[in-house]
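Below: the structure, in structure tokens.
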Amino acid sequence: MQSLKLSAPFIGLFSTGLLCLGLYGMSVESAPFLRTAGTAPDRLQAVASQPDVPFLSSKRALGLYEVDCHRLAFEPTAEPIPFEDRPRLNEGCYERAKSLVEAAPGNAILWLSLARFAATDAARRDETFRAIELSRAYGPWQHALAADRAQLISLMPDAPPAIKAIADADIETLAASYQGRDDLAKIYIATPDRRDRITAAIERRPVSEQNQFLGLVRRTMQ
């Protein structure tokens, strides 16, 4: 009985310590969200002032990156960032993307995000191409990534043959599904220089899918 009485204070102290650690972890995780709540300019300021968020590899931090960087930079429905502020956003998000791929090097989405922000600086072309290659290596069959990669590569006429081959492989991936063909129809309209390659991939599909693609192109042009 005596030993139990002596251990009770120790157990209480140990439990208090665990609680404090848990509260500290929650404060670290939630602090970036509290700092970036608000309008697009608020989030831009947070990105520019602290590009390397602590515990950036956690799920919450990945969500933060999605809101602060990916949507802010690329989503058509996002609150627009003034043209003069884009360089600060691109640089801050580029630094965050680098931290993320170091923490989660097998994540194809993060490699593609790094490629998209690296592509905003012509001096980072080699890094952009490497990130595209790793995105394809880790996510070859995800049609959403395939569409984004193909569109990104279409914006870089200086891409080497190995990178253009990735775009070709992604086009084949897109041609195999309805959603992918819908994405291809948009790329077909937006980038005329890719039309021959897209047409070749579609012609290898069944006739019903070829006709479906033609309908998607007509709908997109309306």
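Since every read-out is calculated from the coordinates, none of them should be taken as a lab result. Here the structure is a predicted model, which is why all the values come from computation and not from measurement. Cβ coordinates were reconstructed from backbone atoms using ideal geometry, including for glycine residues, and neighbour counts include every protein chain displayed.
Taking label positions 7 Å along the Cα-Cβ direction at both Trp141 and Glu75, the computed distance is 2.9 nm, reported to one decimal.
Debye calculation, C-alpha points only, no solvent: report log10 I(q)/I(0) for region 177-222 at q = 0.18, 0.21, 0.24, 0.28 Å⁻¹, in the same order as the q values. After summing over all Cα pairs, the log10 values are -0.44, -0.61, -0.80, -1.08. Taking Lys and Arg as +1 and Asp and Glu as -1, the other residues whose beta-carbon sits under 9 Å from that of Tyr188 total +3.
Over all orientations, region 126-222 has a Cα convex hull whose mean projected area works out to 5.7 square nanometres. Modelled label positions at Arg125 and Glu209, each set 7 Å beyond Cα in the direction of Cβ, lie 3.5 nm from each other. Taking amide hydrogens as placed 1.01 Å from N in the peptide plane, the amide H of Asn107 sits under 5 Å from that of no residue at least 5 positions away in sequence or on another chain.
From a point 7 Å beyond the Cα of Arg86 in the direction of its Cβ, which residues of region 150-184 have a backbone N at a distance under 12 Å? Within reach of a label on Arg86: no residues.
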